[in-house]
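The block underneath contains the structure these notes are about, expressed in structure tokens.
The values are calculated or read from the model by the stated rules, or taken from the named source; none is laboratory data. Remember, it's a predicted structure, so these values are computed and weren't measured experimentally. Heads up, the Cβs are rebuilt from the backbone with ideal geometry, glycines too, and the neighbour counts pull from every protein chain shown.
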Amino acid sequence: MKTQPNFMARTKAKYTEHEFKLRILQILVFTLLGIITFRLFYLQVIQHGYYTSVAAKEHFGYTELPARRGEIFIQDYASGETVRVATNITLDTLFADPTIIENKKLVADRITPIIFDLEAEKLKDERRVEQELKRAKTLEEEEKIKTLSDEELYTQFYNNLLEKISQDVRPEIQLTNTIDENLAKKISNLGLTGVEVNNNIVYAYPPQITDRTETASVLSQYIDITATRLEQILQGKNRYVILATKIPPEKSAEIRQIQEEDTEKNYFGLGLEENYYRYYPEKELSANVLGYVTKEGIGTYGIESKYNTRLQGKKGVFQTQRDGSIHGRQITVGDSVIEPAVDGDDIVLTIDRSIQMTVEKLLAKAVKDYRADSGQVIVMDPKTGRIMAMAHYPTFDPNDFSAALEMEEISFTPQEVEQLVPLEGEGYENQFWFYRNVSAHDRFKVFRQLIDPEDPDAGYIYKRYKNWIGLEAYRNLAASGAYEPGSVFKVITMASALDDNDVTPTTYINDSGILEVDEFKISNVSAKCTGRVNMTQVLAYSCNTGVGWVAQQMGRNLFYSYMVKFGFGERTGIEFDNEHPGKIEHFNQWAESELVTYGFGQGFTATPIQMVAAFGAIANDGLLMQPYIVDKISQKNDKIIETHPAPINQVISEDTTNLVTSMMVAATETGVSGNAKTENHYVAAKTGTSQTYKYGKPLKGAGTTIASVAGFGPIDDPKFVLYAKLDRPRTSEWADSTTSHLFSDVATYLYDYLGIPPDKN
């Protein structure tokens, strides 16, 4: 059988061996040229843009130009001026490079008197003593704990500073962020001296490492750092140590002068670095409205969050050409590009500074006097929806927002430790509730920590937030705090029924004092509700049975439609990110008992801002206005964006508002809202005491209710709508014994501040 000659054999047959080699060489050359040509085409044409930008970055120097964050203002309507409540300051941070400071003691001697802050050090020492006293187990240990004298504090500060600038080698370096647990175990098993894995993070301790080259060679195989770079890192040269932050300008100037006069370069290793800080000149004033800015420049909570993009502006770029030297020096002539930074917009709020300050003081006093968990007050112009004040207590200082999360140790008896209720869920293993009063749902959060993490048998310490509430201090509960409004909502129910002609103020019913619905029996608090009563009396004496009957006259569909028209069940649109819409089930899901309980404000949720807007509609001839708190935004191109009053819809008629206003005045003058009235002016108001629940069951007694009052004045031409709320007051469960007094104090102030003449004889 003959075999066919292969290709190479046939090709060689046509050419001599020399010609064959030449042909192969030609093919290789043409192939190589083709590859080079294609590559050049790809780089110069297809990838032209990419490599141009890379070359530019190598050839040009880039400097980022920071943008100035916009300021926030409130208004002083008495003087017509605006007042900064959020602005910017630049303060220096003093740092040192210990590796180039030769005379450490000389530097410490000269710098300590400048940056030492006695008051700050006293405060730190007070905290130290407080903590040590709590840990002391015997009277003898307590007697040994003393505060340091001024001289001792100075010496301690001096020694700490000297120690910092004497550390030429860093004691600890974090080499990675959190890594995979399996990888962490592998690195731990290497047994490298001076290398440790803690919580899946790799740390190095340069003073303990004897062979940096070997350590770097081995460790670089497991982490994303080259052996050469890692060996440099493991030297641990301490090139940057912070000595003080937020240095006042006059102290910065003194340090700079020392450096300028330093002919021997003793202070060459010191440096001042400008740092931008958000500053709130009015401290706690309007803090829950404003929010705060993190160290990373991110607006958090409130207006700072809602308008973060507008406020932060846009960073700029300064680009200069570099020369071809190895140093890459910038060329001061030739082409350069500047994209200027665009500063953030300024925002002016509708808040009246005088009203806000007074309301915050009165609210803080009320929360303390009535031993409530918290409280909120809103003042709004009913004709425009403009928010004149929005106050919270407890609150926080945005200049030191992290202080709201500060904790302190608490002492529990063994019996109290057994009573701690664990929080459920992953990550809450060492968090508990401690109930001071179980029936009143009076509790606070407790955190458990090991005294010595390396010795679990040493026992635990327990801590709580100093302000009792922690993160809750930041929330704007006026917009985000949904709750069952209770009897204050009876005004909305009555206004709806009056508008639909289902009742009149003089419609009478024979009230037995009990309203049976489904399997429930609805009863009243006041005995004046029993017998023959009209609708004015039903509202004045806050009769649950009477208002329940009114809701039944309207029916589910109609009542639900009025609730929606008043704005319940959806956000008002006020300028906050986290506004809660409240929750109302659709009417076709209501049981008969829910129709009745909705009538007196139980079974659904609303927010304070929804309540003040709804009462604003009654004060504004039935026209619901959208509440707003941003008056205008000033852009850097001199363009001003103003907020204009926005009517939502005509909820009820003007005649209806006149009727329900008269009924509300009766409630304050002769009814259960009597403590809400003022001495020289009539006010239309209604109290509300809503129950809270535990495990689905209503709680009873002081400390278990949400006590609120809503109203407006003057009654013939309302200039303000006022809403006040106290959460779980412990001196009484009733709104008229607690929140009504706060309402009256604020209303009295508003009548005086707004210059409204008395209308009572």
Look at the stretch 451-470 and say how many of its residues are on the phi < 0 side of the Ramachandran plot and surrounded by 15 or more Cβ atoms within 10 Å (Cβ to Cβ).
7
Which of the residues that make up the stretch 68-101 are in contact with a Phe, Trp or Tyr (Cβ under 9 Å, 6 or more places away or on another chain) and either without any contact (Cβ under 8 Å) to a residue 40 or more places away in the chain or among the acidic types (Asp, Glu) (or both)?
ASP97
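Okay, residues lined up against (1) among the aromatic types (Phe, Trp, Tyr); (2) over 26 Å from LYS528 (Cβ atoms); (3) buried (at least 19 other Cβ atoms within 10 Å of the Cβ):
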| site | (1), (2), (3) |
| --- | --- |
| GLY548 | no, no, yes |
| ARG556 | no, yes, yes |
| TYR562 | yes, yes, yes |
| ILE574 | no, yes, yes |
| LYS583 | no, yes, no |
| GLN589 | no, yes, no |
| SER593 | no, no, no |
| TYR598 | yes, no, yes |
| GLY603 | no, no, no |
Whichever residue in the stretch 472-489 is hydrophobic (A, V, I, L, M, F, W, C) and assigned to a helix (DSSP H, G or I) and, among such residues, is surrounded by the most Cβ atoms within 10 Å (Cβ to Cβ):
VAL488
For residues in the stretch 424-450 being without any contact (Cβ under 8 Å) to a residue 12 or more places away in the chain and not in a strand (DSSP E or B), which is surrounded by the fewest Cβ atoms within 10 Å (Cβ to Cβ)?
GLU426
Some residue of the stretch 280-298 being under 30 Å from VAL348 (Cα atoms), modelled with pLDDT under 90, among the small types (Gly, Ala, Ser) and not in a helix (DSSP H, G or I):
yes
Of all residues making up the stretch 148-163, the number that are free of Cβ contacts under 8 Å to residues at least 24 places away in the same chain and in contact with an Asp or Glu (Cβ under 6 Å, 6 or more places away or on another chain):
1
Determine whether LYS700 is out of contact with any His (no Cβ under 7 Å at 6 or more places or on another chain), farther than 22 Å from VAL547 by Cα and of a type in the set (Lys, Arg).
no
Considering only strands (runs of 3 or more DSSP E) wholly within the stretch 490-590, the ones with at least 2 residues that are more than 41 Å from the chain's Cα centre (by Cα) and not hydrophobic (A, V, I, L, M, F, W, C) are 508-511, 520-523, 531-534
So, of the residues in the stretch 231-246 that are touching a Leu at 6+ places or on another chain (Cβ under 6 Å) and of a type outside the set (D, E, K, R), which turns out to be surrounded by the fewest Cβ atoms within 10 Å (Cβ to Cβ)?
ALA244
Name the residues in the stretch 383-423 that are more than 23 Å from the chain's Cα centre (by Cα) and assigned to a helix (DSSP H, G or I), would you?
PRO414, GLN415, GLU416, VAL417, GLU418, GLN419
Please tell me if LYS265 is touching a strand residue (DSSP E or B) at 6+ places or on another chain (Cβ under 9 Å), basic (Lys, Arg) and more than 30 Å from VAL359 (Cα to Cα).
no
Based on this model, can you work out whether ARG278 counts as basic (Lys, Arg), more than 24 Å from LYS164 (Cβ to Cβ) and in contact with a helix residue (DSSP H, G or I) (Cβ under 8 Å, 6 or more places away or on another chain)?
yes
Residue count for the stretch 511-558, restricted to those that are of a type in the set (S, T, N, Q) and closer than 20 Å to ALA666 by Cα
9
Which of the residues belonging to the stretch 218-229 are closer than 21 Å to GLU181 by Cα and assigned to a loop (DSSP other than H, G, I, E, B)?
SER220, GLN221, TYR222, ILE223, ASP224, ILE225
Subset of the stretch 188-217, residues assigned to a loop (DSSP other than H, G, I, E, B), under 20 Å from THR178 (Cα atoms) and touching a residue at least 12 places away in the same chain (Cβ under 8 Å), comes to LEU190, LEU192, GLY194, ASN199, ASN200, TYR205
Can we say VAL612 is surrounded by fewer than 23 Cβ atoms within 10 Å (Cβ to Cβ), in a helix (DSSP H, G or I), in the same structural domain as PHE712 (by TED's automatic domain parsing) and aliphatic (A, V, I, L, M)?
no
Applying the selection to the stretch 591-609, what residues are part of a helix (DSSP H, G or I) and of a type in the set (Gly, Ala, Ser)?
SER593, GLY599
Residue identified as touching a strand residue (DSSP E or B) at 6+ places or on another chain (Cβ under 6 Å) and in a helix (DSSP H, G or I) among LYS122, LYS105, LYS164
LYS164
